Amino acid sequence: MTLAVLFSNLIANLPVIVVLVLVILIFVRSRREVLWREAYRRLGKNNLAKVAMGILGIYSTLVIMDCFSWQASRNEEPRTVVDAIFQKPFERTYSAPLAPTTSGEVMDHPLVSKHLLGTDSVGEDVVYKVIKGMRTSFIIGGFSCLVAVPIALVFGLLAGYFGKWVDDIVQFLYTVFGSVPDILLIIAIVMMLDKSIVYVCVALGLTSWTGLCRLVRGETLKHRDREYVRAAKALGVSDFRILAKHILPNLMPSVIIAVTLLFSTLALYETILSYLGVGMPPGSGSWGNMIDAARDELTRNPMVWWNLVFASGALLLLVLSLNVLADALRDAIDPRLRTQ
Amino acid sequence: MLRYLIRRVLYMIPTLIGVSLLTFVLFFGIFSPETIARRNLSAKNASQEQIQTWEHEHGFDKTKLELFEVHMKSLLGFQFGKSDSKSKEVIWDRIREGALPSFELASLAFFFTLGCGLALAVVVAYLRGTYIDTLTMALAVISMSIPIVVYVIGLQYFFGKMLKYGPVAGYEPGFSGLRFMILPVMVSLVSGTGYYVRLYRTFLLDETGQDYVRTARAKGVAENLVLFKHVLKNAMIPVITTTVSVIPSLILGNLVLESFFGIPGLGNYLIGAIKGQDFAVVRAMVYLGTLLYIFGLLLTDVLYAVLDPRVRLQ
């Protein structure tokens, strides 16, 4: 394992790592505050939320495992931890779930020697493909949020706090970006730049910041005239410090919930983009491409259903856990909002 | 009221200019006129003269600034001109042609989804706290978590291959063509209802927490009378205001559903134009889309003031 390879890989996986580090940081930092400790205590009582967090934990572990790779020898492609564990020898074409492997090393093991979820058209193991798709999904969701959230936060805070012409400009910007149909903007950006995951994420980020920005602006407006902000102002605290230290922490609950939902929306969006032909480049392992391929696979005889079912199942599980977690967080942070 | 309206309409102008600026930058950032010309000329190796004549015919042989001027003038005057890729086709004609199928699909999908969502929300709010409530809300979340593409593929398969029920995609005008609409409407029903149920349920439950509801109950009004006479009426305000902003965009149709089911509406037209790098069509459609969107926002605000006497427009 050379250091250079590891490093280049780190750059490629930067979005994932940054997002995960951010999540951990927010988690650790927020444990120190009373409000959040209370919220976590309430979250701990919610069994459904615990299951959702468990699923998200498993997903994140697999994604992290897929981020670190090494080169076994100079001529080989770098392999990630996931490759080492889950990659199976290719079959010639489709094989049904639980079919035994027929090529490569023949091992007599009830799990290893079988394609648990079958193989796809080029004979690649579906378990492996589904796990590879997790990383794509996390990058799409995480990286796009990484683009969208800072824009939304900065614009929303500035507009809500300063009002007047700043507010006018920001409102103008999000009306303009919000008025253009987002699929159009995405297709245009992807066609302009390139069909690569980074540009897809930038495009998704640029179209999805408007809703969050509106939320942040509204919340900031509410907090601007509260007593604690006035007190800080009277004490001569600078505007920047008021925004960063006083208003932003108060917005965090609603922002975190909104971002969780945004993440799940973006993960779903990827399938539409793949269908329209502006999604991930082929061969990069994405659930959207697997689902898209199912259009032809379902018409085969006998029917090939496992690609569609397992790819959408994995996606469903991810989105569902995120939605459940967002609901649980909302209930935990503000019990008054709890829907009876 | 009138002054407010006038001011809002005046506010629309900078937004429209901004959007057309954005489309201009996007499209001329993406494709140079030469690429557009090469693509639309259909000759394999277009000569330099051919390209130049094409650029001249379509008015691309100018500086960016002049181009922008022409672009803005044609948009603000609604003179969309002719398509870049099919030089015979007048854009307005195509829009008129596509508006009907688009509107047909979008309005059917809209009313069914909304109706189901509202009905379910009322039922669920009435039965709040019971197992039916929990189950429906769980189903709503699950149905929202499945990608729409899976619904499309699944329903097409189920109806087309298993039930051998007629057409799985396509369009026919007129009353007999309604059978083409069943599948797309069903897709939007199963994928969209969950969202509306959740939204409307919150509105309804928000109202049930109000003081006047407690008063009504204290007076001894029957529970379903409270729900239908007091709560539902007041909950209709947010329901209507969140819904009405969608209405103008019904004309432009549903980009995704139309291209999934091969319905020759405006959404399909737009996606085809983007893929074919037809700048003239794209800018016309985006401009119209923005106009309708902003109009929808305006409508929402006005209706909000009309329905809720506490809100004053200034």
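Of the chymotrypsin sites (Phe, Trp or Tyr not before Pro) found in segment B:101-208, those that fall in a DSSP loop while having at most 15 other beta-carbon atoms within 10 Å are B:Tyr165, B:Phe175. The GNM of chain B, with springs linking C-alpha atoms under 10 angstrom apart, assigns the highest mean-square fluctuation among B:Val226, B:Val302, B:Val281 to B:Val226. Once the Cα-Cα distance is subtracted from the 0.36 nm per residue extended length, the B:Tyr195 to B:Leu67 segment shows a gain of 41.7 nm.
Label zone (B:Ile247, point 7 Å along Cα-to-C-beta; backbone nitrogen cut-off 18 Å) within segment B:121-159: none. Between A:Val18 and B:Val90, the modelled labels are 5.1 nm apart [label points 7 Å from Cα along Cα→Cβ]. Comparing Cα centroids, segment A:214-252 and segment A:118-141 end up 45 angstrom apart. Across segment B:192-314, C-alpha contacts under 8 Å between residues 6 or more apart give a mean separation that, scaled by the residue count, equals a relative contact order of 23 percent. The mean count of C-beta atoms from other chains within 10 Å of the C-beta of residues in A:267-278, rounded to a whole number, is 4.
Given their separation in residues at 0.36 nm each and the Cα-Cα distance between them, A:Lys245 and A:Phe162 gain 28.3 nm when the chain is fully extended.
If R0 is 51 Å, the Cβ-Cβ spacing of A:Lys50 and B:Leu299 corresponds to a FRET efficiency of close to 0.70. Between B:Lys164 and A:Lys222, how high is the FRET efficiency from 1/(1 + (r/R0)^6) when r is the Cβ-Cβ distance and R₀ = 51 Å? Nearest 0.05. Computed FRET efficiency for B:Lys164 and A:Lys222 comes out at 0.35.
Pairs of Cα atoms nearer than 8 Å and 6+ residues apart set the relative contact order; for chain B it is 26 percent. At a Förster radius of 56 Å, what calculated FRET efficiency corresponds to the Cβ-Cβ distance of B:Leu100 and A:Val154, to the nearest 0.05? Step by step, r from the Cβ atoms, then E = 0.80.
Mean per-residue shielding of peptide A:315-328 is 3, counting Cβ atoms of other chains within 10 Å of each Cβ. Rounded if a/c is under 1.5, else prolate if a/b beats b/c, else oblate: with a ≥ b ≥ c from the C-alpha gyration tensor eigenvalues square-rooted, which is chain B? Taking the square roots of the gyration eigenvalues as a ≥ b ≥ c, chain B is oblate. Partner shielding of A:169-181 amounts to 6, given as the average count of beta-carbon atoms from other chains within 10 Å of each residue beta-carbon. Taking every DSSP helix (H) stretch of at least 4 residues in chain B, weighting each as -39,500 (n - 2.57) and dividing the sum by the residue count yields a mean residue ellipticity at 222 nm of -23000 deg cm²/dmol.
In this model, which of B:Lys82/B:Lys275; A:Lys164/A:Lys222; A:Lys88/A:Lys132; A:Lys50/A:Lys129; A:Lys132/B:Lys275 are farther than 21 Å apart at the alpha-carbon? Too far apart for the 21 Å limit: A:Lys50/A:Lys129; A:Lys132/B:Lys275. With each label modelled as a point 7 angstrom along the Cα→C-beta vector, the A:Arg41-B:Cys116 pair spans 4.4 nm.
Just so you know, all these numbers are worked out from the coordinates, no wet-lab data involved. Since this is a predicted model, take the numbers as computed values, not measurements. Don't worry about glycine lacking a Cβ; one is built from the backbone with ideal geometry, like all the others, and counts go over all protein chains shown.
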